[in-house]
Each structure stands twice: as C-alpha cells, then as structure tokens.
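One structure is given here, and the rest of the page talks about it.
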Amino acid sequence: MNNAEIEAGIRSGTILGLAIDTSIFDRFGCDLKHHRLLPLQQLAGSKLQLLLPEVVAREIVDHISRRALESRASLVKALTDFRRYWQTDEPKDPPLQDSYVEAQKQVDQFLALTDGKQISLSGAKNLAAEASDLYFACKPPFEQREQKKYEFPDALALLSLEALAERRNKEILCVSADKGWQSYCAGSARLICVEELETALACINSSGRARAEGVWRLLRERGKNHFFYEPIRAAFRARFRVLDFVPEIQSTFEYEAKPELEDLDEIDFKTAGEPVVVEADAESVTFVFKVKARVIFIADFSFYASHTVQDEGMEFAAARRDVARTIEYEVLLTVTRDEHVLGEVRQVFVDRPKLRVDFGVIDPFNP
C-alpha cells in the first residue's frame, strides 16, 4: 500500500489506528517526551487511535527501568568520587526508587497524553499457540537464524494487533524498523507497515504539505539570507552543547579522549532533503528535513603508558586537535500556517545520530 492509499484509508476510517514497535521508541532512547514523539499527541481525540500492544508497552517499561538504574549507578559513582576528592559529605546520593514503577508511570502518562490504548494479550484468541506455529514453521516475524526465539514478543504483538483488526473489520498502520514486523505485515490483509514514524505522520498531515514545501524551497534558494536562518542556526548551536560525539584517533598507545567543542561553520541548505510533515493544525505546520552542515570538532587526548587508562599518574602526553567534517543533521521546524506571508518560526529542534569523529593520527611524542 502506497502513501496515497494510506492517506485515503485514514480519511475514510478504514484504518483503525497507529501501532508503533519498540524499535521506534528505542531509536529515541525510550524518551517518551522526545521532540520526535511529541507529535503523537495530535492523535488524542482524532479518528486514528494510537495502539500500543501490551508486549511493546512492557518492553518500553523494561528499557526505561534498566537505563534509569544504569544512570543512577553512574551518578552514585560520580558523587562518591566527588565527595572523596573534595573531602565533603555533600551532595548525598539520590534516593533509591522502584525504577519499574516510575517507568510504568511514564508509559501511563504517554498513553494519557496521546489518548492511546494498550492492546491486552488477555481475552484474545490463543496467541501463544499461533506464535508457536509461526516459530516452528519459520514464518514471519521469525527468521531463519539461531536466535529466532527472541522474536516471540514481536509475534505476540503482531498477532494481538491482527486479532483486534479482525474483530473491528479494520486495518492498522504499523511503524517498525524491524524486518520481522515488515515481513509479517507484507503477508497480512489487515496490517500495513512503514519503516519511519515520519512517513505515518505525513499521511495524517497531508494538509500541511504545501506550506512545508514553500518554506523548504525558500530555504534552499536563499540559505542564510532567509528570514528563518537565525532561529535554525540557534537550534544547531543548542544541539552542539550536548557534546556527545566520540573522538577517535589512530595510535599505538592507550589514550583517553574528551570532546571539547562542536561548532557550526556553515549549513548547506542546497542539500536539504524533501520535507516530511509530522503535524499540522489551523495555526502551524511542523515538518522534518535532513540537511548537511560543515562542522568544527575539537577534542583533547591524553596518552597513558599503562594498558589501564584508569591508573593515576601514568599520563605521559596530551594533545588537542580540531577537524572539520560535513555531517548530516535532522531539523524539525514548526512555522505559522499562513501561506501568504513569511510568518514566523514557532520552534526548531536539531538532532543527529550518535557520531564518531576521526581525528587522524597523533604522535604523543610530537603533539
């Protein structure tokens, strides 16, 4: 089914809801307040309902809970080191809370804000037996590989969605980057799968396409001379403050690297990819596009004689390096709706995937 057919199905009501796989939430670190997931709140009160299979909900809770515990352990270690080196009793460790309960609260709030529905496994037909049949027949979402047993949650999620679609005599639009989900949906009469969340949101918000394309064309033509350039540049600089790139070098010695700066040189708007509308209402349009920018990276490197970087007093050399790289970033831009005036920017977010930056070869004896 192509995008035009999906749009028609949403308008006519033959598509019941939008189901999202765990792989999509993992892409955003299971941060349910991530700016890329916020447009899902537009589904509240709409004809298209957000559908969250129970298995997916449990996986999200598990991933949030695990990451919360890991982050707390890292914080406790950092605070312990701080108190030891500064010879103080403050600050105290954060209180130990039930991470699973707190994660469940986040999922419950997400469902409340989106008016979403959790699809329970109970009360449905014998999904476990069906999943077992698919497993032993090596049919999607199971694949011909040794670790296919880990795809049981996918099978249960998909079977619960298909059972719901059959009961309601409707179709369900699924979003998943998982090949198993895509293969299963390709053979289903009720489930449709797209790989990107933006693709699904664009099918919901086709009314904002003309405005998004108009702004996008002007950005490509005028670049930094466009009225919207300054807020976009400010969003780039805000993203750079995160400093989460990983510096790497070629060296025969053990080293420790610390990112120091990510700074904008130039945005090449002529490389801007096609805009994808993710939200549109009477007042504004939000769309996403990819664009390349030339960026300056600076990092510090410390070299150690020991194979254990943590050994204190073993550092024998240090160096600072800068490199320029062309990187593709993703821009989420919200502009006012009126197509007859320049309008204004309501908000801008800039993001990119995790990045490793190669700083080349450094000779610690000639830094």
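Summary table below
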{"read-out": "Inter-site label distance for GLU221 and VAL361 at 7 Å from Cα along Cβ, in nm", "value": "4.9 nm"}
{"read-out": "Span-like helix ranges in the chain, DSSP H, alpha carbon extent 27 angstrom or more, Kyte mean at least 0.5", "value": "none"}
{"read-out": "Calculated FRET value between MET314 and ASP62, using beta carbons and R₀ = 56 Å, to 0.05", "value": "0.90"}
{"read-out": "Among 66-73, 168-175, the order from most to least packed when residues are scored by Cβ within 10 Å on average", "value": "168-175, 66-73"}
{"read-out": "Chain lengthening between ALA238 and ALA324 when straightened (0.36 nm per residue, less Cα-Cα)", "value": "29.1 nm"}
{"read-out": "Whole-number accessible area per residue in Å² for the range 214-274, which is evaluated in the context of all protein chains at 1.4 Å", "value": "58 Å²"}
{"read-out": "Computed [θ] at 222 nm, deg cm²/dmol, the chain (DSSP H ≥ 4; -39,500 (n - 2.57); rounded to nearest 500)", "value": "-11500 deg cm²/dmol"}
{"read-out": "Length gained when the stretch ASP31-GLN109 is fully extended (0.36 nm per residue, less Cα-Cα span)", "value": "26.9 nm"}
{"read-out": "Extension gain from GLU196 to ASP263, taking 0.36 nm per residue of separation minus the Cα-Cα distance", "value": "21.2 nm"}
{"read-out": "Equivalent ellipsoid, the chain (semi-axes from 5 times Cα gyration tensor eigenvalues, Å)", "value": "40, 31, 20"}
{"read-out": "Theoretical FRET efficiency, 1/(1+(r/R0)^6), r = Cβ-Cβ of PHE82 and GLN250, R0 35 Å, to 0.05", "value": "0.55"}
{"read-out": "Amide N proximity, the range 69-85 versus LEU96 label position 7 Å along Cα-to-Cβ, cut-off under 18 Å", "value": "69-81"}
{"read-out": "Entries of LYS270/LYS354; LYS47/LYS290; LYS105/LYS179; LYS47/LYS224; LYS179/LYS290; LYS105/LYS354 with Cα pairs more than 32 Å apart", "value": "LYS47/LYS224"}
{"read-out": "Computed Rg/Rh of the range 200-315, alpha carbon atoms with Kirkwood Rh", "value": "1.20"}
{"read-out": "Sum of side-chain charges, SER251 neighbourhood, beta-carbon under 13 Å (Lys, Arg +1; Asp, Glu -1)", "value": "-4"}
{"read-out": "Most fluctuating residue given options ASP338, ASP98, ASP89, as computed from a GNM of the chain linking Cα atoms under 10 Å", "value": "ASP89"}
{"read-out": "Gaussian network model of the chain, Cα within-10 Å springs - most flexible of GLU344, GLU90, GLU54", "value": "GLU90"}
{"read-out": "Of all accessible heavy-atom area on the chain, the percent that carbon and sulfur account for (1.4 Å)", "value": "49 percent"}
{"read-out": "Choice from GLN182, GLN97, GLN118 showing the highest fluctuation, given a GNM over the chain with Cα pairs closer than 10 Å", "value": "GLN97"}
{"read-out": "Cα centroid separation - the range 220-257 against the range 1-71, whole Å", "value": "29 Å"}
{"read-out": "Beta bridges per DSSP with both ends in the chain, % antiparallel, nearest 5", "value": "70 percent"}
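The values are calculated or read from the model by the stated rules, or taken from the named source; none is laboratory data. Treat the numbers as computed from the prediction; the structure is a model and nothing was measured. Neighbour counts are summed over all protein chains in view; Cβ atoms, including those assigned to glycine, are modelled from backbone coordinates with ideal geometry. In case anyone asks, the SASA skips ligands and DNA or RNA and just uses the protein heavy atoms, side chains included. Shrake-Rupley method; radii C 1.70, N 1.55, O 1.52, S 1.80 Å.
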